[in-house]
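Worksheet for the structure shown next.
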Amino acid sequence: MKWQEVIRNSRTEGLAEKCMLILASEDVAEETGVQPHLDFSSLTIYSESSDSYLEDYVAQNYSENIKILSEPPDSGSLPLESSYSEYLNMVLRELADLLIQVVKRTDSIDTEHALFLTKEGDLIVLEGERQKVVLPELKTCLFLHTHPNGVCLPSKRDIQSASSFFMNGGILFLILSSRCFFSMYRSSLINENDVYALKRLENEVEKAYLKSFNPIEYFNESLKGSNIKVRILPPPFGI
């Protein structure tokens, strides 16, 4: 029987609330025209242009635990544009034990797996097929899937999935293997230029793998000028 599990605990709920903090901050930025700062530890948005309407809107649409303060940012806060990479670091740190388990299982049965973090705090783990796992039609903060045999670079189909994921409001798209992990995340709301850059990457990625190239340089060059960022790193989980 294929592995299917829904995990919900203080860690997954905390990551979901931090995702809500980023999404709420994006709405505040759009409404005010000013980039806010946010504090993950206190779930606080600092925006000198906020008002009671925004506070009510965020409470109703994101979380009542998120606060908006009309004052200069605290020293521990981050500008919105820096929060996406920090969120990636938190996800890898908080889910490290589970990711080790999923990667080891991927290699042992030669089958891809997927993890989705919903905005309610449910972490859904699904066992896929040997070389395929399907992204469900869910609005999620995080989509992570594994590749067997140590390969973490995305296929054309992976880039297509990432593009749809970002256009639906997702933040982090990850591919994990026993040798490396590939992370793609946005650093702002998706715009037309970002969609075009992802489409260009989708059309060129498989052709590029036939050549000798530095993957990180290739991806960064293809996505240059867009709000899509890429990191390729060895796994920090002691796999």
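Readers should treat all values here as calculations from the given coordinates under stated rules, not as data from a laboratory. Because the structure is a prediction, the values reported are computed rather than measured. Positions of Cβ are generated from backbone atoms using ideal geometry, with glycine treated the same way; all protein chains shown enter the neighbour counts.
Where does the longest stretch of the chain lie that holds no GluC sites (Glu not before Pro) found in a DSSP loop with 16 or fewer other Cβ atoms within 10 Å?
Segment 138-239 is the longest.
What is the stretch 51-98 by shape, rounded, prolate or oblate, if you read a ≥ b ≥ c off the alpha carbon gyration tensor as root eigenvalues and call it rounded for a/c under 1.5, prolate for a/b larger than b/c, and oblate otherwise?
oblate
Against the longest alpha carbon principal axis of the chain, how many degrees, from 0 to 90 and to the nearest 10, is the axis of helix 96-109 turned?
So the helix axis and the longest Cα principal axis differ by about 20 degrees.
Taking the Cα-to-Cβ direction at Trp3 and at Val151 and moving 7 Å from each Cα, how far apart do the two end points lie in nm?
Each label point lies 7 Å from its Cα, and together they span 2.1 nm.
How long is the gain from Tyr57 to Ser42 if the chain were fully straight, where each residue apart is worth 0.36 nm and the alpha carbon distance is subtracted?
Residue separation times 0.36 nm, minus the Cα-Cα distance, leaves 3.5 nm.
Once label points are set 7 Å from the Cα along Cα→Cβ at both Ile100 and Asn168, what is their separation, rounded to one decimal in nm?
3.1 nm
In nm, what is the difference between 0.36 nm times the number of residues separating Val195 and Lys229 and their Cα-Cα distance?
Extra length from Val195 to Lys229 when fully extended: 10.9 nm.
If each residue of separation counts as 0.36 nm, what is the full-extension length gain between Glu31 and Glu204 once their alpha-carbon separation is subtracted?
Difference between extended and current length: 58.6 nm.
Excluding residues fewer than 8 places away in the same chain, name every one of the lysines whose C-alpha is closer than 25 Å to that of Lys139.
Of all the lysines, those that pass the test against Lys139 - Cα under 25 Å, at least 8 places apart if same chain - are Lys2, Lys18, Lys67, Lys119, Lys156, Lys199, Lys229.
Over the stretch 85-233, what is the mean sequence separation of C-alpha contacts under 8 Å (at least six apart), divided by residue count, expressed as relative contact order in percent?
19 percent
Where does the chain land at 222 nm, in deg cm²/dmol rounded to the nearest 500, when only DSSP H runs of n ≥ 4 count, each adding -39500 (n - 2.57), divided by all residues?
-13500 deg cm²/dmol
May I ask you to derive the relative contact order of the stretch 10-79, considering only C-alpha pairs under 8 Å and at least 6 residues apart, and to give it as an integer percent?
32 percent
For the chain, take the longest principal axis of its alpha carbons; what is the angle in degrees between that and the long axis of helix 52-61, to the nearest 10 within 0 to 90?
The helix 52-61 is inclined about 30 degrees to the chain.
As I understand it, the value is the acute angle between the Cα axis of helix 80-94 and the longest principal axis of the Cα atoms of the chain; what does it come to in degrees, rounded to 10?
50 degrees
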